[in-house]
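What follows is a single structure, written as structure tokens, with notes after it.
What follows draws every value from the coordinates through simple rules; no lab data is involved. Fair warning: this is a prediction, and the values are worked out from it, not measured in the lab. Note: ideal-geometry Cβ built from the backbone for every residue, glycine included; neighbour counts use all protein chains shown.
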Amino acid sequence: MKKDVAIVGVGQSPFYRKCGMGARELCFMGFQEALKDSNLKPEQIDASIVCSAAEYDKQRSPASVIADYLGITPAPSFNLETLCASSSTGVRVAYSLIKSGLHDIVAVIGFQKMSEITSHEAAERMGRGGDIQWESPFGVTMPGYFGMVASAHMAEYGTTPEQLARIRVKSSIYGESNEKAVYRKRINVEQVLNSEIVTSPLKVFDCCANADGAAVVIMANAEKARKITDKPIWVLGLGGSTRGTALASRLNFTSVAVSREAAQAAYEMAGIGPEEIDVAEVHDCFTIAEIVAYEDCGFAKPGEGARLIDEKQTYLGGRIPVNLDGGLLSKGHPVGATGASQVGTITRQLRGECGKTQVEEAKIGLIHNLGGPGFYNYVTILGRD
Amino acid sequence: MGFEKFGSVSFTSESKAVDFLKFLEEDKMMTTKCQKCGKIYFPPKMDCNVCGSSETEWIEIDEVGKLVAYSTVMYGPAGFENEVPYTIAVVKFPNGVQIFGRTSKSIPIDNIKVGMFLKPAPIKLPPDKVSYEFVQS
């Protein structure tokens, strides 16, 4: 097990439908929690990476004002964007900054204030979510892309709307106990199935919601990490993949190629296989996305992802517990903050701090963080001492 | 004709592939093939990223393909609110290309199934725009 770079502090603001504060103030909440978690002071941060999808930001190049508000200037800071995967990409870049010896301690600050723009502006941006030249003129939507994946998965493997609904039911059970989640109400299969269709076959409860929020991950080299904490969480594997925006260039629709490729690369770097993962966070922007993620991460064979949820193997106590913080479906999805929030959950699982959602003896965890409808995926594998 | 003539709402004003629209106006569905290495692209590419050549030729897509994925959109993005419901789809053709588009409203939504045979048909969108849609072969 490589012990070069560790996570030494994590923090997160609550996620809100509408936060009623500025983006920099949201970031402050997440950053202060991460500072307390690590016992670090702002002046000990050597560099920061500010991760958000710029399409939602009114502030051009927010890294400057946010670093200033957090009190971590003049250490170098910059913006980083890979849509919904932004802050997992931030973790990857922070790793390389530390491993290269350029910096000792780096803060990854993921945030999004999605309520900043009007619903019309949001609808306009949604229309540009795919290939603007060849797809957007047909009226594409983010749920539409995943509706297409669901249609193919159902046709090829017989996956059912009830199985999709079971993903949301699991999410609602764990979301109920996450104080920072937007949705904390339990729902049942019938409620999911009876909710209105957004884009076939996906219904309202098959979809995650936009949210405001910030999440922060502080990383350090081995020497500093040992001094900062007695529970460093090591970065064991990092995998990334990028593919073109055009749906027409996809290999197939029952799997997300970037996810498979990123997971493979992360397993290779960590020198382990999927059977060694004790707990995982996957990018459940839609219920179908979680089922496909089971398959793309190797937790199930292609076509057998839905069986995992049928058998409750991804519940606490199952073979591979997934999204024990409620996932995007319950937490809400503040695009730039999502990856850092997932990393925060796995870090706390590996430290044994998760109370009634704690996976017993969790040693190795995986984070799967997708950007756009298959443009990017960055997979992170973490391990404890 | 600029590229803004493509589809209900276009976000692209200029492209070297603008002839695609000229062909649609002539009722032909075309794509590009690299003259040097023979790779066929969809969407059309005026530059081949396999061999680096920018010498391409237009070829007609006159085959029948199979529907591989679809979704009927009930809430459209800005500019499409009045067009819902519509079905977005990807159709795979024997020559390997996959084409993204909408199914024709002449196909009842309940009849749309993965695996059905479809072909692209150029259409005119009044007053002066062009596009294509998938129709039953």
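A few points about this structure:
- Principal axis extents of the Cα atoms in the stretch A:6-100, from largest to smallest and rounded to whole angstrom, are 36, 26, 23.
- The stretch B:28-137 gives an Rg/Rh value of 1.02, both radii derived from C-alpha positions and Rh following Kirkwood.
- Taken residue by residue and averaged, Cβ atoms of other chains lying within 10 Å of the Cβ of A:123-133 number 5.
- Counting, for every residue in A:146-153, the Cβ atoms of other protein chains within 10 Å of its Cβ and taking the mean gives 6.
- Projected-area average for the stretch A:249-385 over all orientations - Cα convex hull basis, square nanometres: 7.8 nm²
- When peptides A:346-356, B:127-137 are ranked by their average number of other Cβ atoms within 10 Å per residue, the highest-first order is A:346-356, B:127-137.
- Derived scalar couplings between HN and Hα for the stretch B:45-54 equal 10, 8, 9, 8, 8, 8, 10, x, 7, 10 Hz in order, rounded to whole Hz, by the Karplus curve 6.51 cos²θ - 1.76 cosθ + 1.60 (θ = phi - 60°), x for Gly and Pro.
- Placing +1 on the Cβ of every Lys and Arg and -1 on the Cβ of every Asp and Glu, with no other charges, gives the stretch A:182-251 a dipole of roughly 280 debye about its Cα centre.
- The protein assembly as shown: antiparallel DSSP beta bridges as a percent of all, rounded to 5: 80 percent
- Among the listed pairs A:Lys113/A:Lys185; B:Lys5/B:Lys45; B:Lys16/B:Lys92; A:Lys41/A:Lys363; A:Lys36/A:Lys170; A:Lys180/A:Lys231, a Cα-Cα separation exceeding 27 Å is found for A:Lys41/A:Lys363; A:Lys36/A:Lys170.
- Counting only other chain Cβ atoms within 10 Å of each residue's Cβ, the peptide B:80-90 averages 5.
- Order by protection proxy (mean Cβ within 10 Å, highest first), peptides B:97-106, A:287-296, B:29-38, A:7-16: A:287-296, A:7-16, B:97-106, B:29-38
- Projecting the Cα atoms of A:Leu193, A:Val279, A:Met269 onto the charge dipole of chain A, computed from C-beta unit charges around the Cα centre, puts A:Val279 farthest toward the positive end.
- Binned Cα-Cα distance frequencies in the stretch A:151-260 - 10 Å width, integer %: 11, 25, 30, 24, 10, 1
- In degrees, nearest ten, helix A:86-99 long axis to first principal axis of chain A (Cα): 40 degrees
- Sorted from longest to shortest, the spans of the Cα atoms of the protein assembly as shown along the three principal axes equal 71, 49, 45 Å.
- Summed residue charge, Cβ within 10 Å of A:Lys3's Cβ, Lys/Arg positive, Asp/Glu negative: 0
- Axis angle, to the nearest 10 degrees, between helix A:23-38 and the longest C-alpha principal axis of chain A: 60 degrees.
- Max-minus-min Cα coordinates of the stretch A:245-299 on each principal axis give 34, 23, 14 Å, with the largest extent listed first.
- P(r) of the stretch A:140-199 over all Cα-Cα pairs, binned every 10 Å from zero, in whole percent: 21, 42, 32, 5
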